[in-house]
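The values are calculated or read from the model by the stated rules, or taken from the named source; none is laboratory data. Bear in mind that the values here come from a model prediction, so they are computed numbers and not experimental data. So basically every Cβ, Gly included, is an ideal-geometry build from the backbone, and we count neighbours across all protein chains shown. These accessible areas exclude ligands, DNA and RNA; they are computed on the full protein's heavy atoms, side chains included. Shrake-Rupley method; radii C 1.70, N 1.55, O 1.52, S 1.80 Å.
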Amino acid sequence: MARAKSYRTIAVANGIAADKAFGAVTPPLYLSSNFAFSKFEQSQDYEYTRTSNPTRDVLADTLAKLEGGSGAV
């Protein structure tokens with residue numbers, strides 16, 4: 001049986017080496033950015049940082065794991 005990670009491990013390591021776009025080891029901070037569209041009227045995960053943001057997604061995922069939840073907003 002696998003041992004559950006401690007909250008300290010989750011808080012420090014969640015999101016590390018998970019950047020699929022560029023291979024960043026530490027999650028990059030997307031403070032303000034627009035994102036390029038691959039095609040006109042095609043939905044994508046990120047369009048504008050005020051509506052969705054990869055940095056906030058890592059934070060929400062970390063908080064959900066720390067609280068034992070299935071997701072966070």
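In the chain, Cα pairs under 8 Å separated by at least six residues give a relative contact order of 26 percent.
Given the DSSP H assignment, sum -39500 (n - 2.57) over each helix run of at least 4 residues in the chain and divide by its residue total; what's the result at 222 nm in deg cm²/dmol, nearest 500?
-8500 deg cm²/dmol
Per residue, the accessible area of the chain comes to 87 Å², computed with a 1.4 Å probe over protein heavy atoms only.
Please get the size of the charge dipole for the chain, origin at its Cα centre, with Cβ charges of +1 on Lys and Arg and -1 on Asp and Glu, quoted in debye to the nearest 20. Intermediate values should be presented prior to the final figure.
Numbers: 8 positive and 7 negative charges, 66 e Å.
Once rounded to the nearest 20, the dipole reads 320 debye.
Taking the 0 to 90 degree range and rounding to the nearest ten, how far is the long axis of helix 54-67 tilted relative to the main principal axis of the chain, both from C-alpha atoms? Tilt relative to the chain: about 20 degrees.
Along the charge dipole of the chain, Cβ charges K/R +1 and D/E -1, which of 18, 36, 7 sits furthest on the positive end? It is 7.
Would you mind putting 10-18, 26-34, 52-60, 39-47 in packing order, based on average other-beta-carbon counts within 10 Å, highest first?
On the way: 10-18: 13.8, 26-34: 11.7, 52-60: 16.2, 39-47: 8.8.
Ranking, from highest mean packing down: 52-60, 10-18, 26-34, 39-47.
Placing dummy labels 7 Å off each Cα toward the beta-carbon, the span from residue 63 to residue 9 is 2.4 nm. Using θ = phi - 60° in the Karplus curve 6.51 cos²θ - 1.76 cosθ + 1.60, the 3J(HN,Hα) couplings for the range 37-44 round to 8, 7, 8, 5, 6, 9, 5, 9 Hz; x is entered for Gly and Pro. For the chain, what % of the accessible area comes from carbon and sulfur atoms, probe 1.4 Å? Of all accessible area on the chain, carbon and sulfur atoms account for 57 percent.
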